[in-house]
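Here's the structure, in structure tokens; my notes come after.
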Amino acid sequence: ERLKEVMDAVNITQRRTLLIKKLSGGQQKRVSIALELLAKPNIFYLDEPTSGLDPGLDRNIMSMLRTIADKEGHTIILVTHATNNINICDYICFLAPGGYLAYFGPPDEAKTYFCQPDFADIYSALEPIEADPHIPQKSEARFRLSPQYRQYVVQPREQLSHIPPSTGAVSKPQHGNPWKQFALLSFRYLEL
């Protein structure tokens, strides 16, 4: 039953009888996503889920991820350089070279914040140049002074800090038998 749910969620039910090597690139990516969804993760991390796909498949994968997040309540965090369908996200984060936080907030506010007509232009604006090699650091400093930083970073942190800590005592985690863990993980991967 769970397999059917997951295949429906990633729209590969009609291909269930084919070997993975006979699927298209986009369908193979969907199968990879489906394998991870089997475990019903609360937070789902994806690294470049649409890389190498044509613009139509990029849109399909992003729409599928949006649907999964909405229907199943998963939090999906993904890294992408494909900005065509980034408006489908709730929030986006732009990191300047070196890992400097240049922006975090809704996608529709990013272009206005950077005064750029297109998301692709934001990448160029964050690149250090010979005349100013400190653009990444300056971008982070500017963002920390912005209303977006206060609204989308500081205020949510403050709200979380007002949540009282759990009353249950936290004990030191027990370490399992490494061979048993190895066998269990190996069996899981073999089964998948």
Please enumerate the residues belonging to region 129-141 that are farther than 8 Å from Ala102 by Cα and in contact (Cβ under 8 Å) with a residue 24 or more places away in the chain. Ile135, Gln137
Top-ranked residue in region 129-152 [being in contact with a helix residue (DSSP H, G or I) (Cβ under 9 Å, 6 or more places away or on another chain) and either at pLDDT below 95 or part of a strand (DSSP E or B) (or both); ranked as nearest to Asn85 (Cα to Cα)]: Ile129
Does any residue of region 153-172 turn out to be outside any strand (DSSP E or B), among the charged types (D, E, K, R) and in contact (Cβ under 8 Å) with a residue 24 or more places away in the chain? no
Looking at the structure I just gave you, is Asp8 at pLDDT 85 or above and open to solvent by 80 Å² or more (accessible area, probe 1.4 Å)? no
Right, Gln181: modelled with pLDDT of 85 or more and under 18 Å from Gly105 (Cβ atoms) or not? no
Given the conditions (1) crowded, with 18+ Cβ neighbours inside 10 Å; (2) farther than 24 Å from Leu65 by Cα, and given that Pro133 satisfies all but one, which numbered condition is not satisfied? (1)
Qualifying strands (runs of 3 or more DSSP E) (wholly inside region 40-110; at least 1 residues being among the aromatic types (Phe, Trp, Tyr)): 43-47, 92-96, 100-105
Kindly indicate whether any position in region 90-101 is over 20 Å from Phe143 (Cα atoms), touching a strand residue (DSSP E or B) at 6+ places or on another chain (Cβ under 9 Å) and buried (at least 18 other Cβ atoms within 10 Å of the Cβ). no
Conditions: (1) under 22 Å from the mean Cα position of the chain (by Cα); (2) open to solvent by 90 Å² or more (accessible area, probe 1.4 Å); (3) closer than 29 Å to Thr50 by Cα. Leu160 meets all but one. Number of the miss? (3)
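The values are calculated or read from the model by the stated rules, or taken from the named source; none is laboratory data. Computed from a prediction, not measured in an experiment: that's the story for all the values here. Note that each Cβ is placed from the backbone with ideal geometry, even for glycine, and that neighbours are counted across all protein chains shown. To get the accessible areas, we keep the full protein, side chains included, count just its heavy atoms, and leave off ligands, DNA and RNA. Shrake-Rupley method; radii C 1.70, N 1.55, O 1.52, S 1.80 Å.
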